[in-house]
Structures are given as C-alpha cells and as structure tokens.
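Working notes, structure below.
The values are calculated or read from the model by the stated rules, or taken from the named source; none is laboratory data. Since the model is a prediction, treat every value here as computed from it, not as a measurement. Cβ: placed from backbone, ideal geometry, glycine included. Neighbour counts: every protein chain shown. Keep in mind that these areas ignore ligands, DNA and RNA; they rest on the heavy atoms of the full protein, side chains included. Shrake-Rupley method; radii C 1.70, N 1.55, O 1.52, S 1.80 Å.
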Amino acid sequence: MLKAALELLSEVGFEAMSIEVIAARAGVGKTTIYRRYSSKDQLVADAIESIREEVLIPDTGNLWSDIDALIENAAQITLTPLGKQTVAMIIGSASSNPGFAQIYWEKYLQPRRKSFAVIIERAKTRNEIPTDLDSDLVFDTMSGIMLYALIFPPRESWTTYVRRALSLLLR
C-alpha cells in the first residue's frame, strides 16, 4: 500500500490520488486500506515516513564543511530525474492542498530543520557565526535557494550556486 501511494504521489500528485486507485495499484481492496487508515492524508503520511532517510547531521568541526555535506546530500537526492519529478509533485501538491502541506512539513521538513539547528548551534559555540543567527530562517532560505536553483538552473553547478548564496547569508 505504501509503495503504491508513493508511486501515485510522484506520478499524479496528492490531489489526483484516491484510496480506490491506491488500492487497485497495491492489489488490495479499499476495505483493507480503510482498516488501517481513516484518510488518504494518513496513508500518505505513513508512506512518506516509510522512505524518510536518516537525517544527516554532519559534525566535521567546521560550519562550511558541515554545510557542504548537507548540500552534497541534497544534490544526490534531488538532482536526479526522479528527484526532480518528485520535488515538482510535492510543490504542486503542497501548494494546492493544505492537508498535504502539513503532512510534508511534519514528516519531512521539520526533522531536517531540527537537524540543521544542531549544526548552527555547534557553529555558534565555535564562534563561527553570530550567536543571534536564526537557524530556522537560514534553513528556510537555504531550502528556497535550493528549490529556485532546481527550477531555474544557474550557470554554475547547483552545489556551487547554493553554497555561494549561503555564503552571502552567513557573512
């Protein structure tokens, strides 16, 4: 069921999915799904949870080395044809469905935001950045830069562009 839900999410987006179509793809009856899940939202939340990778929290002893590791990890996930297609479907689904946006926020973005805060706190302790730097705002800005560069590829490499943009922010 979870695999079928993920496949459909990447193929048609959240709005176009239905329990009926998920059940057919999974080769089970609707009642099988409804015994476990009371809504499509809950099913999709579990599906996203099932593939969520361990959140990377590098600790190289240097902010920029940690950020480079994060950027490289993000590049490996998103700079593939499937990664780009998935990001497009997530953006489309989240922008048109607040329920899906909330699920994605809780299951995917929040854990990464919390991990990023750990990296920023370490850098503050090492006096690499100002102690009043807002890690959530930096994460949100970094995410925005990454998405922008994914949609409108820069002249330089994606990773170089993202790092250069972050260097402006973290000066």
(message) So, in the stretch 121-138, exactly how many residues are open to solvent by less than 20 Å² (accessible area, probe 1.4 Å) and either closer than 26 Å to ASP46 by Cβ or touching a residue at least 40 places away in the same chain (Cβ under 8 Å) (or both)?
(response) 2
(message) Quick check on my filter: what residues within the stretch 4-16 are open to solvent by 10 Å² or more (accessible area, probe 1.4 Å) and either touching a His at 6+ places or on another chain (Cβ under 7 Å) or over 21 Å from THR80 (Cβ atoms) (or both)?
(response) GLU15, ALA16
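Could you list, in sequence order, the residues of the stretch 20-36 that are in contact (Cβ under 8 Å) with a residue 24 or more places away in the chain and crowded, with 17+ Cβ neighbours inside 10 Å? Walk me through how you get there before you give the answer.
So in the stretch 20-36, the residues in contact (Cβ under 8 Å) with a residue 24 or more places away in the chain come out as 26, 28, 32-33, 36.
ALA26, ILE33, listed by residue number.
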(request) Consider only pairs whose beta carbons are under 6 Å apart and that are at least six residues apart or on different chains; among these, list those whose first residue lies in the stretch 66-79 and is without any contact (Cβ under 8 Å) to a residue 12 or more places away in the chain and whose second residue is open to solvent by 20 Å² or more (accessible area, probe 1.4 Å) and of a type in the set (D, E, K, R). (result) none
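Only one of LEU2, LEU43, LEU63, LEU70 is at pLDDT 85 or above and touching a Ser or Thr at 6+ places or on another chain (Cβ under 6 Å); which? Before you say what the answer is, go through the steps one by one.
Details: LEU43 fails: touching a Ser or Thr at 6+ places or on another chain (Cβ under 6 Å); LEU63 fails: touching a Ser or Thr at 6+ places or on another chain (Cβ under 6 Å); LEU70 fails: touching a Ser or Thr at 6+ places or on another chain (Cβ under 6 Å).
Among LEU2, LEU43, LEU63, LEU70, only LEU2 is at pLDDT 85 or above and touching a Ser or Thr at 6+ places or on another chain (Cβ under 6 Å).
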(request) Would you please name the residue that is least open to solvent (accessible area, probe 1.4 Å), looking only at residues in the stretch 37-91 that are under 23 Å from SER157 (Cα atoms), among the polar types (S, T, N, Q) and under 16 Å from the mean Cα position of the chain (by Cα)? (result) THR78
(message) For the list (1) among the aromatic types (Phe, Trp, Tyr); (2) without any contact (Cβ under 8 Å) to a residue 12 or more places away in the chain; (3) in contact with a Pro (Cβ under 6 Å, 6 or more places away or on another chain), I need the number of the one condition that PHE152 fails.
(response) (3)
(request) Take THR131 and decide whether it is assigned to a helix (DSSP H, G or I) and among the β-branched types (Val, Ile, Thr). (result) no
(message) Of all residues being open to solvent by 40 Å² or more (accessible area, probe 1.4 Å) and aromatic (Phe, Trp, Tyr) in the stretch 152-168, which is modelled with the lowest pLDDT? Just the residue, please.
(response) PHE152
